[in-house]
Amino acid sequence: MASADGGAYSYSLTVFSPSGKLVQIEHALAAVSQGTTSLGIKATNGIVIATEKKSSSILIDPSMLDKVSVVCPNIGLVYSGMGPDFRVLVNKARKSAQAYWKVHGEYPPTRVLTQEIATVMQQATQSGGVRPYGVSLLVAGWDANRGPSLYQVDPSGSFWAWKASAIGKNMVNAKTFLEKRYNDDISLEDAIHTALLTLKEGFEGQMTEKTIEIGVVTVPELNEFGEQEKEGGETGRPRPTFRKLTEEEVKDYLAL
């Protein structure tokens, strides 16, 4: 029998319904909306991405939970939705970043890598025998052309640049809260505090350094432009602009 919500078209990824929808993509978005809340905020001097980090059992080792991932020194990701799908996309993004490095001698601009990820996700909506990725991503990064950039990528392969955005089960309330609190002159420190307050709005249980995860993009100082500061001797690798905050740092922010 056909399902009530999508009719016969809910079984096919490559056939549009009479209303012009690919129903499987809507099901993928439903999977995203069941995931934990994640958000990103662009500041004048950087970007913060943050998410809830909860395990399904107290017996799970929390050190193995990883929702904010580093793709390359200047770009990081956070997701809401299905963790295994995110892992596959992170691996593809890292391979793409390394391939760009080998050709151009630098890591890709944030928009370029975001477009690569979005292309992979879109290709999964156009072939029979596959399903859309059940995740939405927030991509945060810095490059010399655009500065700090924040993008959201959805299962359809669509992506947009945002000043602030939220994904996951509490995204509607989180976006409403961000609309009230956000301003164009917000600093990175204020953005981190705003991110914590936004997560706290719909947080179930106690918010601690072990139940949330934060990544930040920092803008290099003026004296670092033009002469890429190297790390690790003569490796030729640029100094990272994206990093994950340690549990100690998160604890300090929560105490303020």
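The values are calculated or read from the model by the stated rules, or taken from the named source; none is laboratory data. Note that this is a predicted model, so its numbers are computed, not measured. Using ideal geometry, Cβ is built from the backbone for each residue, glycine included, and neighbour counts are taken over all protein chains shown. When the accessible area is computed, the model is the full protein with side chains, heavy atoms only, and any ligands, DNA or RNA have been set aside. Shrake-Rupley method; radii C 1.70, N 1.55, O 1.52, S 1.80 Å.
Kindly evaluate V139 against the criterion of being of a type in the set (V, I, T) and at pLDDT below 95. No; evaluated as a whole, the condition is false for this residue.
State whether the residues of the stretch 45-64 include one that is part of a helix (DSSP H, G or I) and either under 17 Å from R243 (Cβ atoms) or open to solvent by 70 Å² or more (accessible area, probe 1.4 Å) (or both). Scanning the stretch 45-64 turns up at least one residue that is part of a helix (DSSP H, G or I) and either under 17 Å from R243 (Cβ atoms) or open to solvent by 70 Å² or more (accessible area, probe 1.4 Å) (or both). Among the residues of this structure, T208 does not count as one that is modelled with pLDDT under 90 and of a type in the set (S, T, Y). Please indicate, with yes or no, whether at least one residue in the stretch 100-110 is in contact (Cβ under 8 Å) with a residue 60 or more places away in the chain, open to solvent by less than 70 Å² (accessible area, probe 1.4 Å) and in contact with a Cys (Cβ under 6 Å, 6 or more places away or on another chain). Looking through the stretch 100-110, at least one residue is in contact (Cβ under 8 Å) with a residue 60 or more places away in the chain, open to solvent by less than 70 Å² (accessible area, probe 1.4 Å) and in contact with a Cys (Cβ under 6 Å, 6 or more places away or on another chain).
Of all the criteria given as (1) of a type in the set (S, T, N, Q); (2) at pLDDT 95 or above; (3) in a loop (DSSP other than H, G, I, E, B), the one not satisfied by S69 is (3). Residues P132, P148: which one is surrounded by 17 or more Cβ atoms within 10 Å (Cβ to Cβ), of a type outside the set (D, E), farther than 20 Å from H27 by Cβ and touching a residue at least 60 places away in the same chain (Cβ under 8 Å)? Step by step, each of P132, P148 is checked, and only P148 is surrounded by 17 or more Cβ atoms within 10 Å (Cβ to Cβ), of a type outside the set (D, E), farther than 20 Å from H27 by Cβ and touching a residue at least 60 places away in the same chain (Cβ under 8 Å). You will find that of A161, A191, the residue that is at pLDDT 95 or above and crowded, with 17+ Cβ neighbours inside 10 Å is A191 and no other. When restricted to residues that are of a type in the set (V, I, T) and open to solvent by 50 Å² or more (accessible area, probe 1.4 Å), the stretch 65-99 contains 2.
Filtered by the rule that a residue be among the polar types (S, T, N, Q) and out of contact with any Asp or Glu (no Cβ under 9 Å at 6 or more places or on another chain), the stretch 81-96 gives a lone residue, N91.
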